[in-house]
Every structure is written in structure tokens, then in C-alpha cells.
Amino acid sequence: MANVPLQLGIITAYLLIALVVGLLAYRVTDRTAEDYYLASRTFGTVVLLFTTFATLLSAFTFFGGPNISAGSGPEWILVMGLMDGVLFAVLWYVIGYKQWLLGQREGYLTLGQMLGDRFGSTVLRVLVAAVSIFWLFPYVMLQQQGAGTALVALTEGAVPYWVGAGGITLFMIVYVTLAGMRGVAWTDTLQGLFMLVMVWGAFVWVLAAVGGPTAATSKLASTDPEFLALGGGLYSPQYVISTAVSIAFGVSMFPQVNQRFFVAESKTVLKRTFALWPVLVILLFVPAFMLGAWAAGYGISPADGNVLPLLLNEFTPGWFAALVVAGAMAAMMSSSDSMLLSGSSYLTRDIYRQVVSTATQRREDLLARVGVALFAALTFVASLFQPGTLVEIGDTAFGGFAQLALPVIVALYWTGTTRKGMLSGVLGSQTFYLASVFVPVVPSSYLGGWSASIVGMVLGLILTVSVSLATVAAPEENASRFSNLQAE
Amino acid sequence: MQPIVTERVRIALWGTVAFVLIALAVPWFMWRSDAVIAGLPVWIWWHVGWLGLASVVFYVFTQRAWGLGVERGENRG
């Protein structure tokens, strides 16, 4: 890509706008943890819809998804539609609405706090937070790595990796520590709208240049006819279901997504977001991934780099391609800033304050901000070295989070769940899943193509229920804590 | 007893609706089909239409049954 000054100008302008939004949010943010982490639970429909959406979409939407579509066919649209549009929406109600009601009544800020309170167990609280940070940390590292690498590619090496990734990290520390959740969500909303406009702009522009969808699809049919047939190759039914289910349940337990279940201003906001979800998913993924699939027809392969920028370079002017890459950077940053904020709330509230007895409320404000800076700095340093083990953990993070989902759902809906049941379900499924990733003798695929993540989820469910049935709740457990919920 | 039975039936009905929405988001009955209409494979059109339908069904759910299985009691709507 040429014209480095223009591209740097676009990125800089974008960063400045995000900073201004962060400062505006800072002016209305007060010093309490609830306001800093959850914007005092005041989000309306547009902000909640777009902050959740922008948070869900990472570099993957712009680069990974189109690359998979170009390499294996556009069935990836179905995987993401099933996972994000339908399964996640159902979980939005089953997990999200229940958590929102509980947050309203009990004042919870994190998932670990909610479970720790219900089961009278600091150990469970620390465990859930520790498991979450274990999977989150390398995932944040991969986002920073993605942003740094994209900046290197965009500027043809004029901005070295450590300057790009480090600059973006520093920038995120500034506006996240200043403005907290409100700043993150407001910038997310802009970023989400920007991404949507950019993807449709790219879709229309490329189709106009190649002569419409019929021409593009005919071209694809002449080079990769297999891509037009549903299924085949990578896409077996087991793969489609395993991937969609594992990611959907995993997403619901990602700290930055799970914490958003607490922030809606009212029941109406949750209802509207729930109903609009599938439409938003289709609006973004169909054009983004079809562009990827069509690129294959024009001889663009993921082996040459990210297909979406390559396709745009072929058919649109340089400034437009730069804008779309800026959109991808926006996607990465809107995920990273939310992960930093949520990760630091788990780190400071669920671990540090539970383990260190001298932690006081007075230091909360400072601690919250130090937590963000520390988390961001550590992931940045890790991204400089990119240790293979961390990369592997980051790549399998969705499956790791998915292991938490079923024990949490059981706890939310079944008063018979016991602390021992929860600890067994969480520890058992995590141990199994980690073994499937790292221990060669434990297979990663079962019964003709079902992933270890799915097997681990079932194992966690069985352990949680059976151990709960076999044990008695301790006196300090609050079996009725999650019951008798009433809106308004 | 009556209200509890009603609630259970409603949970089962809406649960079935959710299951069907999930199960047919991928048109399994078109497996290996490569027919194209208006420049897109037919199975993509199905998926687009199905998620549009999901949105409408979700909207109806929010208007008629929101709170079902989550909130306590019959006072909802």
C-alpha cells in the first residue's frame, strides 16, 4: 500500500477522535467503581448494541473471516450467523437478562463476584477470575500483535512494530484509565458504526467495479465451483456446529462481554438489543465474508496476506483501502480497550482485593486505573516476544471460556447447585480442555469431528450436576440468591 | 397449580421455537446444493431470510413473553 502520510493521517485522525470522545466521557465519569467499570448501569439501546457488537468484533471480522472465506468458501457466514445471530442472542436472554436482574438487585460488578456471593465462596470467585484472566491475557496480546502488524503493513515498515503496538497500547491506557466503561462504550459506538459503513462501502464499490454480484459469483464458479456448494472441505456438520456452539458460549463468558450484561439502563434496552441482534449480524457478516469468497475468484489467496485489503487495492483507490484498514484497527482497539477494562476489574476486585487483606475501598480508584495500565503493559511486553505457548492459549481462548458457560447456567437456574458442584464443574472442564490443547495423548477431536471444547462443556455440565446432587450445600451458601427475580 | 403448568407449557413452547430457530439457521436440507440466485448461493439467501425471521420472532418474544423462565410470577408482558 502506498501513500504512507495519508494513511498515517487517517489513523491519527481516528485516534484523536477517540481521545476527544474519551475526554467527553471523562467529564461525566465519577470516582466510584460502579461508574468506572459499568458506567453506573445507564446504557441505552444504541450504545449497548454497538458497544457489545464492536467488542465482539475483533481483527477477526475484517481479516480472519474473509481469509477463511477466501480459503475454504463462504460457509463461514453460516457459522458466524448461527453463533452470533441466533445462539448468542438466546444466551443474551438466558444468561444476560438474568445477570442484569441480579446486578440490579445485588449490585454485582463481575461474574466472579456474583458466583462467589451465591455460593459463599471466595475460592470460587478467585478461581473464576483467574481462569478468565488466564484465557484473556494471551487473547489481548494477540490483538495488540494484530494492531502492530497491521500498522507495519499499512505503512510499509515506516512505523516499526514496537512503535505501532506500543503507541496503540499507551493510547488505550490513557483513554481507558481516564474514562472507564463510558469512554470505552462511546468510542465503541463510533467504531461500530464506522465499521458497518466501511464494510458496505467496500461491498458496493467492489461490486460496482467488477460488474455486480452475478459477475463476481460466475468468476468464483469458474475458479472454485466447490465454494458455492454448501458444506464440503473444512465445513463438515460437526465442524459447523462445534465451532458455532463453542464460540457462542465462549463469548458469553468473555469478561468484556459478560460484564456488558450488567450495564443496560432498563429492561427495554435489553429487549431491543436482543431483537435487533440477528439483523446487525447479517448486515456486517454477509458483505464482509462474501467479499472474501469473491476475492478467491480474482486469484487473491490468504497465502498472499489478508485478502480484504488486497481485494480493495485491486478495485478501489488507495485512500479508501486505508479507511477500511482504519476500520479494522478500530475493530481491534474496540475489543482490546474493553478487555483491558474488564480484565483489570477481575484482577483488582476478584483477585487482588480478595487475596490482599489490606486492600481498602479508599484505594479502589487508584487500583482500578493501575490495574488497566499494568494489564496493558504486560500484554504489550508479551506481544514483543510472542511466546508460542501464549499464542496457543490465545488461539484456543474461546473454547476455554466456553467451559465456564454451562456451570454458570446451571448455577443461575437450579437452586440445587452446590459449591462443590461448581468447583468440580469448573476445574474438571478446564483441566480436560487444557489437556486437549497441551497434552498430545489427549485428542482434540472426538466421535468423527466433535471438538474437545464441546466434549469439555458436556463434561463440565455432568460434573456440576452430579457433584451437586451428591453433596449438601454448606451453611454459608445462598441457594435462593438467584431466585425470585422481578423487574421493576 | 394452574399458573405453574401454564408457565411450564409456555417455556416448552418458546424453548421449541428457539430450538427450531437455532437448528435451521443452517439449511441442512440444502447440503451440497450449489444453486445461485441473483449472484448469491441459495443457501446464503435462506440464511439471510432466516435471521430476518429470527429478529421478528425475537421481537414478538419481547412483546409477549419476556421474563418467561427468568422472572418470578405471572406479572409480565
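At-a-glance table
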{"item": "Proxy reagent accessibility, fewest Cβ within 10 Å first, across A:385, A:137", "result": "A:385, A:137"}
{"item": "Karplus-derived HN-Hα couplings along the range A:101-111 (A = 6.51, B = -1.76, C = 1.60, θ = phi - 60°), whole Hz, x at Gly and Pro", "result": "4, 5, x, 4, 7, 9, x, 5, 10, 9, 4"}
{"item": "Euclidean distance between Cα centres, the range B:21-70 to the range A:362-428, Å", "result": "32 Å"}
{"item": "Cα gyration tensor shape of the range A:4-387, rounded if a/c is under 1.5, else prolate or oblate by comparing a/b with b/c", "result": "prolate"}
{"item": "Sequence-distant lysines (8 or more away, or on other chains) whose Cα lies within less than 27 Å of residue A:271", "result": "A:98"}
{"item": "Cα gyration tensor shape for the range B:2-64, rounded if a/c is under 1.5, else prolate or oblate", "result": "oblate"}
{"item": "Prolate/oblate/rounded call for the range A:74-119, Cα gyration tensor, a/c under 1.5 rounded", "result": "prolate"}
{"item": "Estimated inter-spin distance, residue A:106 and residue B:45, nm [label 7 Å along Cα→Cβ]", "result": "5.0 nm"}
{"item": "Calculated from backbone phi, Karplus (6.51, -1.76, 1.60) coupling profile of the range A:419-432 in Hz, x at Gly/Pro", "result": "4, 5, x, 5, 4, 5, x, 5, 5, x, 5, 5, 4, 4"}
{"item": "Estimated 222 nm signal from helices in the protein assembly as shown, with DSSP H stretches of n ≥ 4 weighted -39500 (n - 2.57), rounded to 500", "result": "-23000 deg cm²/dmol"}
{"item": "Charge dipole (debye, nearest 20) of the protein assembly as shown; +1 at Cβ of Lys and Arg, -1 at Cβ of Asp and Glu", "result": "1280 debye"}
{"item": "Integer Hz, Karplus 6.51/-1.76/1.60 couplings in order for the range A:126-143, x for Gly and Pro", "result": "5, 4, 4, 5, 5, 4, 4, 5, 4, 7, 6, 3, x, 5, 5, 4, 5, 5"}
{"item": "Sorted by Cβ neighbour density within 10 Å, fewest at the top, the residues B:34, A:337, A:84", "result": "B:34, A:84, A:337"}
{"item": "Taking A:111, A:193 and counting other C-beta atoms within 10 Å, the order from fewest to most", "result": "A:193, A:111"}
{"item": "Distance between the range A:214-250 and the range A:436-469 - C-alpha centres, whole angstrom", "result": "26 Å"}
{"item": "Part-to-part distance (alpha-carbon centres) for the range A:117-138 and the range A:166-200, which is given in Å", "result": "27 Å"}
{"item": "Helix axis angle, A:397-413 relative to chain A longest principal axis, alpha carbon, degrees", "result": "40 degrees"}
{"item": "Debye intensity ratio in log₁₀ form over the Cα atoms of the range A:353-488, taken at each q of 0.10, 0.20 Å⁻¹", "result": "-0.52, -1.09"}
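Computed from the coordinates by the stated procedures, all read-outs in this text should not be read as laboratory data. Remember, it's a predicted structure, so these values are computed and weren't measured experimentally. Because the Cβ atoms are built from the backbone with ideal geometry, glycine has one as well, and the counts that use them run over all protein chains shown.
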